[in-house]
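Visitor: First the structure, then my questions, so here it is.
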Amino acid sequence: MESIKTLVLVLTPMFVGFAIPLPKPYLKMLDRMLVWLVYVILLLIGIGLAQVGGLWSLLNDIALRVALLFTLLTGCNLAMLCAFDGVFPWQPRTQAAQGTHRVDMTGGIKQVAVVALGVAIGRLLPRAWLPPDFAATGALMLLIFVVGMQLRGGGIALRQVLLNRRGWQTALVFMLSCAVSGCLFAWMQPEISLAQGLAMSSGYGWYSLSGIVITSAYGAQWGSVALLNDLLRELFALVFIPMIMRRFPSAAVGIGGATSLDFTLPVIQQSGGLAAVPVAISFGFIVNLAAPILMVVFSAVK
């Protein structure tokens, strides 16, 4: 029953937001609001992490698990998506835009800094002065509501998404590769269950979501592992998409996971051309919809 409640709390705001038509002039305001909501959620995750007993002694363990999960996910994603490109070749018809790609990693650095600031606040302030436990969930629901409004405001129709064959095929291969890596992660970590491994690998780069859901299910230590892993995915994608796009365009679209719909979409467009954009939008939409469902379902299995 608790898992159904969590699923409703996570998915309802997205569908409600998607049902609300928003005039285009307000979309930029929505973008700014989304950025601030991400920072608020990261701050609240950091504050929650600070409440973990013996935090500093756990940092080494957290770093090792993040490294293992990220390596498994990235390796499986690239292996299966590149194989998919090899067996079923696809090349964007439009030539990529010319020019040197400039990688901007300041966003990722800021996000990690905000989590660290949250840890500091959680350590320094009395417990009575800290935000209530439900604050993070409330902020997450508002963020998902805004994401739903963005999807509608961006002119994305479900028919357009589902009829883009390459988009949903890439999404299925990507999600299967994430499930394989989650099974391997659980196998290599005897203290966690198969369901937890699958839940950990189902964030798909949506760090503000995975940090909250995994923390709620398994505690702040595991929530920080999921959060940092998904942040690393975004940074990796920003750097390597242009290189991967030359030979394996589906892998380039998929390696960013959920961020292919927003943060890494400009990089995909610049390196793959306009023909890559519909595939990235279709892929990103499906993955964004699947991530909260799969994380909640897997984390409910004991």
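The values are calculated or read from the model by the stated rules, or taken from the named source; none is laboratory data. Everything numeric in this text was worked out from a predicted model, so none of it was measured. Methodologically, a virtual Cβ is constructed for each residue, glycine included, from the backbone with ideal geometry; neighbour enumeration extends over all protein chains shown. Please note that ligands, DNA and RNA were not included when accessible areas were found on the heavy atoms of the full protein model with its side chains. Shrake-Rupley method; radii C 1.70, N 1.55, O 1.52, S 1.80 Å.
Visitor: So, in the range 280-289, of the ones that are open to solvent by 10 Å² or more (accessible area, probe 1.4 Å) and aliphatic (A, V, I, L, M), which residue ends up farthest from Ala226 (Cα to Cα)?
Guide: Filtering the range 280-289 for residues that are open to solvent by 10 Å² or more (accessible area, probe 1.4 Å) and aliphatic (A, V, I, L, M), the one farthest from Ala226 (Cα to Cα) comes out as Ile281.
Visitor: Please give the number of the condition Gly118 fails out of (1) at pLDDT 80 or above; (2) open to solvent by 60 Å² or more (accessible area, probe 1.4 Å); (3) part of a helix (DSSP H, G or I); (4) not aromatic (Phe, Trp, Tyr).
Guide: Of the numbered conditions (1) at pLDDT 80 or above; (2) open to solvent by 60 Å² or more (accessible area, probe 1.4 Å); (3) part of a helix (DSSP H, G or I); (4) not aromatic (Phe, Trp, Tyr), the odd one out for Gly118 is (2).
Visitor: Hey, another quick one. List the pairs whose first member sits in the range 275-302 and is under 20 Å from Thr259 (Cβ atoms) and of a type in the set (S, T, N, Q), whose second member is outside any helix (DSSP H, G or I) and at pLDDT 85 or above, and whose Cβ atoms are under 9 Å apart, counting only residues at least 6 apart or on separate chains?
Guide: Asn288/Tyr204; Asn288/Trp206
Yes/no per residue for (1) of a type in the set (Val, Ile, Thr); (2) modelled with pLDDT under 80; (3) assigned to a helix (DSSP H, G or I); (4) in contact with a Leu (Cβ under 6 Å, 6 or more places away or on another chain):
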position	(1), (2), (3), (4)
Val10	yes, yes, yes, no
Phe70	no, no, yes, yes
Asn77	no, no, yes, no
Thr100	yes, yes, no, no
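Visitor: To continue, here is another question. Just to verify a result, which residue in the range 124-157, among those that are at pLDDT below 80, open to solvent by 90 Å² or more (accessible area, probe 1.4 Å) and out of contact with any Pro (no Cβ under 7 Å at 6 or more places or on another chain), is farthest from Val16 (Cα to Cα)?
Guide: Asp133
Visitor: For the range 216-226: of the residues being among the polar types (S, T, N, Q) and surrounded by fewer than 24 Cβ atoms within 10 Å (Cβ to Cβ), which is nearest to Met14 (Cα to Cα)?
Guide: By that ranking, first place goes to Ser216.
Visitor: Here is a follow-up. Which members of the range 227-270 meet the condition of being crowded, with 22+ Cβ neighbours inside 10 Å, of a type in the set (S, T, N, Q) and in contact with a His (Cβ under 9 Å, 6 or more places away or on another chain)?
Guide: Those that are crowded, with 22+ Cβ neighbours inside 10 Å, of a type in the set (S, T, N, Q) and in contact with a His (Cβ under 9 Å, 6 or more places away or on another chain): none in the range 227-270.
Visitor: Continuing with this model, one more query. Can you give me the number of residues within the range 197-206 that are in a helix (DSSP H, G or I) and either open to solvent by less than 10 Å² (accessible area, probe 1.4 Å) or touching a Ser or Thr at 6+ places or on another chain (Cβ under 7 Å) (or both)?
Guide: The qualifying residues number 3.
Visitor: With the checklist (1) more than 16 Å from the chain's Cα centre (by Cα); (2) within 25 Å of Phe88 (Cα to Cα); (3) in contact (Cβ under 8 Å) with a residue 24 or more places away in the chain in hand, flag the one item Ala220 doesn't pass.
Guide: (2)
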